[in-house]
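First comes the structure, then the notes that go with it.
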Amino acid sequence: MTVDAIINAIFGIGVAIFLDWKLSLIMLCLIPLVIVGSSIFSKFVAKETINQLKAYSKADEIVQEVFSSLRTVLSLNGGKFEKKRYQTNLLTTRESNIRKGIALGIFFGWNCLILYVIYFVGFITGSYLTYTEHEKGSIGNIIAVVMIFAQDISFIGYVGPFLQSLAEARAAATAVYRLIEEENITEMQILDEYESGHKSTDINGDIQFENVNFAYPARKDVEVIRHLDLVARAGETTALVGKSGSGKSTTISLLLRFYEPILGHIKINNQLISDYNIKNLRQNIGIVSQEPYLFGTSIYNNILYGKEDASNIEIEEAAKQANAHDFIMTLPNKYETLVGESGVQLSGGEKQRIALARALVKQPALLLLDEATSALDNVSRTTIVVSHRLSTIRNAHQIYVFDNGTVIEHGTHETLMANEGSAYQELFQTQQKEHMESDNYQSTSKICDEKQTVGLPWCHSDEQNTIKGEKRLLSNRWTDFRRLVSMNSPEKIAILIGCFACLAAGVTQPICVVLLAKIIQGFESCTSAERQHQVLIFSIIFLLLGVATFAIRFLQFTAFAVSGSKLTERIRVKTFECLLRQEVAYFDRPENSCGAVCTRLSSDGSAVQQMTGPRLGIFCETFSMFLIAMILGFFYSWQIACIVFLCILLICVLGYINIRVQDQLSKHSGMLQERAGSLAVEVLHNMRTIKQLTIEDVVLQQYSDFIWEKFRITRNYSIIIGLIMSGIWAMIAYNIAIIYWCVLVLIEHNEMKMNDIIKVFAFAMFFIQSIRSVLTMIEDFGTSLSAIHSFFELFDRTPLIDNGSTTGQELVDFRGQIDFVQVNFSYPTRSQVRVLNNFQLSIQSGQRIALVGVSGSGKSTVIQLLERFYDVTNGKLCIDGVDIRQLNIHWVRSCFGLVSQEPILFDLTIAENIAYSRDDASIIDIIDAATKANIHEFIQNLPEGYQTRVGRKGSQLSGGQKQRIAIARALFRRPKVLLLDEATSAMDSHNEKIVQKVLEEIQTSNPHQASLIIAHRLSTIRSCDLIGVLDKGYLVECDTHNELMQRRAAYYRMVSRDSEEL
């Protein structure tokens, strides 16, 4: 359409020059004013778009962070805090949108002013050229030339929205092309068709670290590795041990070439690893991280990511080697079981075993185990193990002890133990005494949805899910639009100003038509002086009308920019708030994954913004002009008015059909966009796993397939849309032809005067140009209506568990008594699988209760029920005798302090993480909590101390450091009940002992504080008042450690196995 307008303008200028070259050359002098205005507008919009994208990217990061860590946010009652953070970051986006709207108003106003200047200059110059002694020009030619140039300016206004879109696209593309043009030679080898380096990588030789120094790019002043010298012999197992944050995992990252050392060299087979092709290098390395990531697909596909061409036999064999095959075969769908986003449907132990199978399926020459706890048979391959539990690596051929980024001692287990007073001997003896090794019983409780379901974008429509708010009253898109307008009521003054401006803009067109008729009459005056006088007067009025129109346009677009931007912000914030209110099970469904939520908030929010901003003003102006046109049309010639009205009705019908087609296109392409967005979010958030598996080309192909499918659907719909739009344009042309014919008939019958004909034709042309402007935005209008509908679907949904509810009882004197009464529980999306069976447990005030059992036995599900992430299926869960469903949900969660096995930190400072969601926190309380968690000294040694940012999910810290900060966060809240889900699993023995002592001291100082502990290191829970053993959801036995040992049942067998391993 932009090209069409430009071609029309060029041909029009050519015709004008042919009719009257002198007048045309003079008029051409005004064109640079339009070009300069368009250029300035384009640059300004591009600049504001960049600012807007940067601002919204920060808000989008918060969305991703919150909904990928939703359980942590909810357990800390962080909903209001995160809403405030999100709203604050949207403020900059809103301001950029308002500035863009103002710029658009100035642009349109400037074009209107130039339009009337063309009338002013054209008619005055034409009058002078026509009535001089030497030039006798045609009045018709003058009018034609002026109208052609006026139409060219109208074309510029017609493509104004497109110029804005082009400027925004150019600004958005700047960041994209900057990223594309950044050359990371190391990583480009992965996707390069002609890969450089050794294509047949042989890494079966020794691995050597020679005087290696390293600091993370984000903290260049803190050296993590110092003068590291290390040798891992081929075919042997090398173990790296030491305190949390001593540099063990960083060594693994350097070997995988995630980073390059500052000083020193890393060699394999006496050859620098930088000489190897990076893709082949990583393909020959299998790795299982401390916090393994699984993709939101089936178990089979997750293992297949390890080796793309693996057969079914190879996958099953790898699962057997990783001790995963047996539990997989007990699942309803076996290897086709969906693991959910980040593997949330599986326990921690199950996730790690599948991750290990994924590493083993490609039969790597080098295996890296970073705190992996799954048992492995001895295989003749080079293996590097990072471990806190020394009993698991006692058979290693070489053990390196790390401290502050350097190796302080190394040797075999025997030689290190023989060295009296060595650091290794101290660590091992401490762990041996406390029996802190139990690989087979690690657990986590993130069993959620297994079966993929299909529903509306925001609202699930499962027949089994009887949600109160799902019965939304049937409404069409126009009802949604009216509701949207009602949400804009706080800006009613701005909207009224915009509407009055639209009405005024509509009135300027009839005034312009009357002035044109008067000027033509002026050309017909008797004397030359009188003609020039009348033309001058009406031309000056044209100029004044242009100035007035400039002001009107400015007010119109500014008013709608303010109202539209605030409405868009309000919708996004309300959507964010409504999402936080939804029950956790809502997000267990694949269609409501973190990536899908982020994509909808971004794309649907932008779609609403397209309709509620300045473009809404164009709709209002056109509607205003339509009313005035009909009134004046019937006044001058009811016959022609009826013809125009009939044409408008047909255009409206075709426009409505177009909107419906666009709505369908938006639904189909939107689903693909969400899936592509989910994939992009998943990949970007877990880039380390992607690079470890060297599946960049695989995920790129998956993303390309989504985009190609979206393109194919859009292309097919575009054919239909093109036919509809061509029909609209053809109808406009036929309408003009019919008007011409009707005018001739009326003139023949003396039913119309020449002046009336000019007025009718001029007004028809102005009105048609306005209709064209509206038609250019119909496509966006259909997409916007679809987005609005999906938002209201969410707003009207009533969650099963309202996380934002302020109702419910708050106990004045909470004693800490918790009772599970014959509790049965199944996850909402997997109702056929019973997770807890007749679960009966009482926790008295001040008691320390421990739950143990194999992975997936239901231990952590108990904690999720206490946090009320889910409600029991049958039975009751009571707090101080009151059903938990009758209590205020925020009060309930404030009574608990939860520390999970995989601690989640937010991209804030350490102080803000410890005092998360508490605005009134004092630094003294923060330091006190950090000291109790044995993390204060580490924080003090950081350059920025408590103001150090931890990165997304604590990426700048080690696993043990993150867990201690999470414990400090729990202690800061002074909870009535501590919920510890493998709370010390990532700590070395020294820190774990200290933290265990701290936790015991806290309970001693507060005898009324209860604790529920989930552990697989049985020695850590021997002193608990009660120990419950879970098996397949049943509480098979529950008593003290001594009593359970005397029974010689399930618990006794677990302890015996631990002793044998020790």
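The values are calculated or read from the model by the stated rules, or taken from the named source; none is laboratory data. Source: prediction; values computed, not measured. Here Cβ is always computed from backbone atoms with ideal geometry, including for glycine, and neighbour counts include all displayed protein chains.
The table below gives the values:
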quantity	calculated
Boolean, R358 is buried (at least 23 other Cβ atoms within 10 Å of the Cβ), charged (D, E, K, R), at pLDDT 80 or above and out of contact with any Ser or Thr (no Cβ under 8 Å at 6 or more places or on another chain)	yes
Helices (runs of 4 or more DSSP H) lying entirely in the stretch 1-92 (those with 2 or more residues that are within 30 Å of S900 (Cβ to Cβ) and aliphatic (A, V, I, L, M))	31-68, 70-75
Which numbered condition K83 misses (of (1) within 22 Å of I618 (Cα to Cα); (2) touching a Leu at 6+ places or on another chain (Cβ under 8 Å); (3) not aliphatic (A, V, I, L, M))	(1)
Residue check, E314 assigned to a loop (DSSP other than H, G, I, E, B), modelled with pLDDT of 85 or more and among the acidic types (D, E)	no
Criterion (buried (at least 21 other Cβ atoms within 10 Å of the Cβ) and in the same structural domain as L19 (by TED's automatic domain parsing)) met by exactly one of L129, L91, L76	L76
Residues of the stretch 26-54 that turn out to be buried (at least 19 other Cβ atoms within 10 Å of the Cβ) and within 16 Å of the chain's Cα centre (by Cα), as a count	1
Residues satisfying the stated conditions in the stretch 618-667, i.e. of a type in the set (G, A, S) and under 41 Å from the mean Cα position of the chain (by Cα)	S624, G655, S666
Residue list for the stretch 707-755, filter: in contact with a Leu (Cβ under 9 Å, 6 or more places away or on another chain) and closer than 25 Å to I519 by Cα	M752
Residue selected from the stretch 898-919 under the condition among the polar types (S, T, N, Q) and at pLDDT 90 or above, by the criterion surrounded by the most Cβ atoms within 10 Å (Cβ to Cβ)	N913
Pair list, Cβ under 6 Å, 6 or more apart: the stretch 50-62 residue β-branched (V, I, T), other residue crowded, with 17+ Cβ neighbours inside 10 Å and assigned to a helix (DSSP H, G or I)	I50/A171; I62/R85; I62/Y86
Hey, A319 surrounded by fewer than 19 Cβ atoms within 10 Å (Cβ to Cβ) and not hydroxyl-bearing (S, T, Y) or not	no
Residue in the stretch 737-757 that is surrounded by 19 or more Cβ atoms within 10 Å (Cβ to Cβ), modelled with pLDDT under 75 and in a helix (DSSP H, G or I) present	yes
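One line per residue, one yes/no per condition, for (1) of a type in the set (K, R); (2) outside the structural domain of R99 (by TED's automatic domain parsing); (3) over 17 Å from the mean Cα position of the chain (by Cα):
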| position | (1), (2), (3) |
| --- | --- |
| F557 | no, no, yes |
| A561 | no, no, yes |
| K566 | yes, no, yes |
| E577 | no, no, no |
| R581 | yes, no, yes |
| F587 | no, no, no |
| V597 | no, no, no |
| L616 | no, no, yes |
